[in-house]
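First comes the structure, then the notes that go with it.
The values are calculated or read from the model by the stated rules, or taken from the named source; none is laboratory data. Every value quoted in this text rests on a predicted model; they were computed, and no experiment measured them. When we count neighbours, we look across all protein chains shown, and the Cβ atoms used for this are built from the backbone with ideal geometry, even at glycine.
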């Protein structure tokens with residue numbers, strides 16, 4: 001082969017290498033699908049299902065309470081998901097993902113059905129944002145979760 | 001040069017290309033610095049300073065209100081920053097960034113100083129999260145901003 005051809009090959013290899021790291025085909029839709037699986041896990045398995053989608057170093061920013069740092073600390077506050085009268089539904093409205101496909105976010109609205117003090121079933125509504133990071137072993141986990149009031 | 005040496009060069013170029021896209025030296029600190037500049041812009045220039053750090057397609061998730069989509073819609077609600085009695089301070093506590101350095105987030109706590117109905121100055125406190133995306137022209141802009149109560 002000529003030197004010129006080799007140079008073209010070297011350049012092509014460099015560009016392919018750069019490209020390999022920047023592809024994320026339809027990554028946002030994948031995160032929105034993941035968000036629905038996250039909700040289903042919480043519906044099926046309560047707090048343990050919810051926690052299985054959190055990174056070990058996740059932070060939770062609950063409305064009206066202090067920041068919770070780490071999955072263990074967050075876990076202590078999630079027991080309400082194990083009460084069969086409580087149902088938490090959330091629906092992603094949008095999101096985004098990094099070009100290299102390792103960090104992304106989703107946001108949307110939630111409905112929390114539960115019994116009030118008189119035992120009557122009712123719903124409260126709000127919004128949320130979840131930030132996702134791809135873990136070293138390949139799965140996506142939530143690294144930040146936050147909710148507030150109003151839809 | 002021998003074919004073997006060329007092959008080594010091709011491989012090295014591929015790896016360098018891949019690496020070029022995954023470097024983000026100290027990106028999270030840079031975002032936390034940006035967050036402080038964002039606050040300063042709002043302190044110095046009110047709503048216009050605040051809005052200058054938002055992407056055109058940003059979403060705002062204000063506590064107690066519906067989602068606001070797009071900088072223009074968000075702008076309609078930011079006039080309170082132009083009242084000289086109002087002061088919004090926020091301090092990043094942590095964050096993260098994608099390996100290719102194009103998407104990141106910061107979160108922390110805020111203090112909002114203002115006058116109550118009786119004209120008395122006081123503060124309310126809360127938490128926030130900001131999601132940042134590097135724009136095509138190279139600057140970072142907030143694509144999602146959310147706040148809630150409790151520190």
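Points to keep in mind about this one:
- Test for residue B:93: is it closer than 21 Å to residue B:149 by Cα and either free of Cβ contacts under 8 Å to residues at least 12 places away in the same chain or in contact with a helix residue (DSSP H, G or I) (Cβ under 7 Å, 6 or more places away or on another chain) (or both): no
- In the range B:106-122, residue farthest from residue B:31 (Cα to Cα) [restricted to those that are under 12 Å from the mean Cα position of the chain (by Cα) and more than 7 Å from every other protein chain (Cβ to nearest Cβ)]: B:108
- Considering residues of the range A:128-151 that are part of a strand (DSSP E or B) and away from chain B (no Cβ under 11 Å) only, the residue surrounded by the fewest Cβ atoms within 10 Å (Cβ to Cβ): A:141
- Residue check for residue A:125: within 7 Å of chain B (Cβ to nearest Cβ), touching a residue at least 24 places away in the same chain (Cβ under 8 Å) and part of a strand (DSSP E or B): no
- Restricting attention to the range A:1-36 and to residues that are outside any helix (DSSP H, G or I) and modelled with pLDDT of 70 or more, the residue that is farthest from residue A:134 (Cα to Cα) turns out to be A:2.
- Residue identified as touching a residue at least 24 places away in the same chain (Cβ under 8 Å), surrounded by 17 or more Cβ atoms within 10 Å (Cβ to Cβ) and more than 15 Å from the chain's Cα centre (by Cα) among A:81, A:103: A:81
- Qualifying residue in the range A:82-90 (condition: assigned to a helix (DSSP H, G or I) and either within 11 Å of chain B (Cβ to nearest Cβ) or modelled with pLDDT of 95 or more (or both)): yes
- The residues listed here are B:79, B:94, B:70; of these, the one that is at the interface with chain A (Cβ under 10 Å from one of its Cβ atoms) and either within 25 Å of residue A:62 (Cα to Cα) or at pLDDT 95 or above (or both) is B:94.
- Count of the range B:48-69 residues which are surrounded by fewer than 18 Cβ atoms within 10 Å (Cβ to Cβ) and over 15 Å from the mean Cα position of the chain (by Cα): 5
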